[in-house]
Amino acid sequence: MSNSKIQQMRTLLESGKIVISPGVYDGYSARLVEQFGFKAASMTGAGLSNSRLSAPDIGILSLTENVEACRWIARSIAIPMMADADSGYGNPVTVHHTVQLFEDAGVVGINIEDQVSPKRCGHMRGKELIDAREAAKKIEAAVKAKRDPGFIINARTDSIAVEGIDGAIRRAKLYVAAGADMVYPDAIASEDQIRRFVESVGAPVSINMGFGIRSRPTTPLLSPRRLQELGVARASYARMLPAAAIMGMRRALEVFRDTADATTAPDRPDMLASIEDITDLMGYSLIDQLESNFLLPEEMARKYGGGQRSFVVRS
Amino acid sequence: MIKAQRLRALIAAPEILAMPGVFDGFSARLTEASGFAAGFISGAGISEASLGWADVGVMGLEENLRVVRALAACCNVPLMADADTGYGNAVNVHFTVHGFETAGLAGVMIEDQVWPKRCGHMAGKDVISAEEGAQKIRAAAEARVDPDFIIMSRTDALATHGLDEVIRRLNLYAEAGADLLFADAVLTVDHIATLVRNVPKPLCVNMGFGIQQRATTPLLSARQLQDLGVAVVIYPRLLTAAAVRGMKNAIAAVQESLRSGEVVDRPDLLVPFEELNALVGMAELDRLEQRYLTEEQLRQKYRNAPAGAAG
C-alpha cells in the first residue's frame, strides 16, 4: 500500500506539472483534501502540534507522537501524504530511526530541516541553524536509512532569515549533494528569490505558500500557475486548513453565543457542514458494508429491526 | 480538584450550563476564549479528528486519554470527557474513570450501549441491561478519588426501548451514584419535559449542531431548555461541523485559484496568522523565553532585533 503511494507521489513529481499539496493536520482536513480531488497532501507539523497537543509549534511534539498521528491519518486516505519530521528529532543517528519510523507509518516522504532543536515554525522570528555540514550529514543519514528508494527526503532550510538567499542556496546544494530528493527553502521572501533558488539548486524545489488564499507577512502569495512558471515542483499550503477551520468555528461560536438567550434557536445550515456531509466524509458507507457482510443475521435484526440497514439517520 | 468543583457548581447553578463540544486544541482554546465556562469533549470529534475514523468504537481508552489530557492541560475551564461505554465491563470502568480523573478532566460520561458503540444519533443502536448499566455507574462513582469529579450517565435506550425504560434507567443510574443524567437522541420537546419531571438529578440534553436542525432531536435554544428545567446542554457537533464547513469554503477558493491561474486573496475565509498565533499561545512562549533563556541564548535567536517569536 505505502509502496504504491510512494510510486504515485514520484509519478506526480515527474509529471512536469506542479504538485499542489494542501497541508492537513487531522482526519477531517485529510479526508476533505482527498474528497476534493487533490492528488497529494502534506502533514503540517505546526497544525499537528496546535491541534493535537494544543501547543505552539516550538518542538513540544515528539517523534513518536508525530509518527503515531501520521500513521492514523495516512491510513485514512488513499492519496500520498508527506510528513514533517521537524529537525529529525536529534542528530544524524537519530535521523536514521526517524526516517524508518515515518516510512513504516505509511507516509511517502518527510521534510527534515536545519534548525537548532527546539525548532519553531519557519515563519516565526528567533530561528537558529545547525552547522551546514551537520545538516548535510543528517540528510545523508536520512537517504541511507530509506528502505524503499522511492521514499522522498525533502531537505528544508530555514537559513534565509539568518544567512540570506545566497546562504540558503549554498546549503541547499550541500543537501542535494548529500542525496536529498527535493529541497524546500522555508519563509522565502520574494518571487525573485524563488526564481534564483530554483535556477541554482539543481533539484526539485518545494515552496510553502502558507495560507494559500490569504497573504501573510513573510512569503508573498503567488498563484499555482505562477509557481509552475518559476519552475517550482511542489507547493504546500501548510496553514490554509487550520486557519479555515478556526474561521469556521469562530463564526459559529459568535452566532451561537449571541443567540444563547433567544427564545428560539437559530437555524444556520450555511455555517455548518450537515451530518450527511460528515458521515459521507468519514466513510460510513464502508461501515454499513462491513456490517452487512460480517454481522450475524440476528445481530442485524437486533440493531435495525425491519428498518433500513444503514447507520445514518437521514432527514 | 478545583476544576471538578467548579463544574459541579456550574451544574447546580439555576442558569443552564451550555457546553460546546470540543475536539482539538483549536476548538478547546476558542471555546475558552469565547467565554464559555466549560467544554464537553466529543468522543466522535476526537475519533474523527485524531484518528481519521468514524465514531464506531475504533478509538480505544488510551487514544482517548492522550487527546483529553492535552486538551485539559491547555484550558483553564473545566472539561468533561466522553468515555464511551467505559471500554469494557464494570471492572474496566473502575480503571477508565481513574485514567480520566488523573488526566485532569472534571468529569466523564459513560453510556449503556453495547460495544462496539456508535454515535447516539445513528441507527442500529443496541444497549446492555439496565442492571449492568447501573453497576458500571456504581463502579465509576466509587472509583473516583475526588468526590467532586462528575459522573454523567448516558442512556441510549430511547431508540431501542422507549421513554419509560429511559426514565427507569436514569433513576437506576442516579441511585448508583450518577451526578448528571443524560438521555441521548430524545425526539420531542415533550420527551425533555417528561424526563425533567421524572428523574431525581440534573438533566443534560444534547443539542447536536446548536445552530442547525437535524433529523433526531429538535433544535431548542438554551433559554428554552432552561425554561423546561434542563440543567446542562451540550453541542457536540457545533464545532466539528463549523470547522469542516470552514475548510470546505477555503478549498473551494483554492480550487478557483487553480482554475483561473490567479491569486485569490480571501481574508474573509481564513483567520490571520497573528490570530492563529495568539490562539495557540505564542504570547506565553515569548514570556517564558524572556524569563528563562540566558542573555546569550536570546542574542543568538534574535540577534539585535527585539525578542519575541511572533514578530
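Among the helices (runs of 4 or more DSSP H) confined to region A:230-315, the ones with at least 3 residues that are more than 18 Å from B:GLY208 (Cα to Cα) and either in contact with a His (Cβ under 6 Å, 6 or more places away or on another chain) or among the aliphatic types (A, V, I, L, M) (or both) are located at A:240-258, A:284-294.
Here's the yes/no breakdown for (1) assigned to a helix (DSSP H, G or I); (2) farther than 24 Å from A:TYR237 by Cα; (3) among the hydrophobic types (A, V, I, L, M, F, W, C):
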| position | (1), (2), (3) |
| --- | --- |
| A:ALA83 | no, no, yes |
| A:ASP86 | no, no, no |
| A:GLY90 | no, yes, no |
| A:ILE110 | no, no, yes |
| A:ALA136 | yes, yes, yes |
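Within region B:110-165, being of a type in the set (Val, Ile, Thr), closer than 16 Å to B:ALA185 by Cβ and within 14 Å of another protein chain (Cβ to nearest Cβ) holds for B:VAL114, B:VAL127, B:THR160. The set of residues from region B:228-277 being more than 7 Å from every other protein chain (Cβ to nearest Cβ), out of contact with any strand residue (DSSP E or B) (no Cβ under 9 Å at 6 or more places or on another chain) and either touching a residue at least 24 places away in the same chain (Cβ under 8 Å) or buried (at least 22 other Cβ atoms within 10 Å of the Cβ) (or both) comprises B:GLU274, B:ASN277.
Going through (1) at pLDDT below 95; (2) within 16 Å of the chain's Cα centre (by Cα) one by one, A:ARG125 falls short only on (2). Taking residues in region A:138-161 that are part of a strand (DSSP E or B), and partners anywhere that are among the polar types (S, T, N, Q) and buried (at least 24 other Cβ atoms within 10 Å of the Cβ), the pairs with Cβ atoms closer than 6 Å and at least 6 places apart or on different chains are A:ASN154/A:ASN111; A:ASN154/A:SER206; A:ARG156/A:ASN111. Here the condition is being charged (D, E, K, R), more than 7 Å from chain A (Cβ to nearest Cβ) and buried (at least 24 other Cβ atoms within 10 Å of the Cβ); of B:ASP55, B:ASP24, it holds for B:ASP55 alone.
Restricting the first residue to region A:118-129 and requiring it to be assigned by TED's automatic domain parsing to the domain that holds A:THR219, which pairs with a second residue that is modelled with pLDDT of 85 or more and among the small types (Gly, Ala, Ser) meet a Cβ separation below 6 Å and a spacing of at least six or different chains? So the pair list comes out as A:PRO118/A:GLY59; A:LYS119/A:GLY59; A:LYS119/A:SER87; A:CYS121/A:ALA46; A:GLY122/A:ALA187; A:HIS123/A:ALA187; A:LYS127/A:ALA161; A:LEU129/A:SER159. The residue pairs whose first member lies in region A:294-305 and is within 11 Å of chain B (Cβ to nearest Cβ) and at negative phi, whose second member is surrounded by 15 or more Cβ atoms within 10 Å (Cβ to Cβ) and among the basic types (Lys, Arg), and whose beta carbons are closer than 9 Å, counting only pairs six or more residues apart or on different chains, are A:LEU295/A:LYS303; A:MET300/A:ARG309; A:LYS303/A:ARG309; A:LYS303/B:LYS125.
Among the conditions (1) within 16 Å of the chain's Cα centre (by Cα); (2) surrounded by fewer than 24 Cβ atoms within 10 Å (Cβ to Cβ), A:ALA74 misses just one, which is (2).
Note on region A:254-274: residues that are more than 7 Å from every other protein chain (Cβ to nearest Cβ) and surrounded by fewer than 12 Cβ atoms within 10 Å (Cβ to Cβ) total 2. Beta carbons closer than 6 Å, at least 6 apart along the sequence or on distinct chains, pair a first residue in region B:156-178 that is within 28 Å of A:ALA301 (Cα to Cα) with a second that is surrounded by fewer than 18 Cβ atoms within 10 Å (Cβ to Cβ) for B:ALA157/B:GLU165; B:ILE167/B:ASN198.
Report, by residue number, each residue of region A:149-173 that is over 21 Å from A:PRO118 (Cβ atoms) and either in contact with a strand residue (DSSP E or B) (Cβ under 6 Å, 6 or more places away or on another chain) or surrounded by fewer than 21 Cβ atoms within 10 Å (Cβ to Cβ) (or both). Quick ask: steps written out before the conclusion?
Step one: of region A:149-173, the residues over 21 Å from A:PRO118 (Cβ atoms) are A:149-153, A:164-170, A:172-173.
The answer is A:PRO149, A:GLY150, A:PHE151, A:ILE152, A:GLY164, A:ILE165, A:ASP166, A:GLY167, A:ALA168, A:ARG170, A:ALA172, A:LYS173.
The values are calculated or read from the model by the stated rules, or taken from the named source; none is laboratory data. Note that the coordinates shown come from a computational prediction; the quantities given were computed from them, not determined experimentally. With ideal geometry, Cβ positions are generated from the backbone for all residues, glycine too; neighbour counts draw on all protein chains shown.
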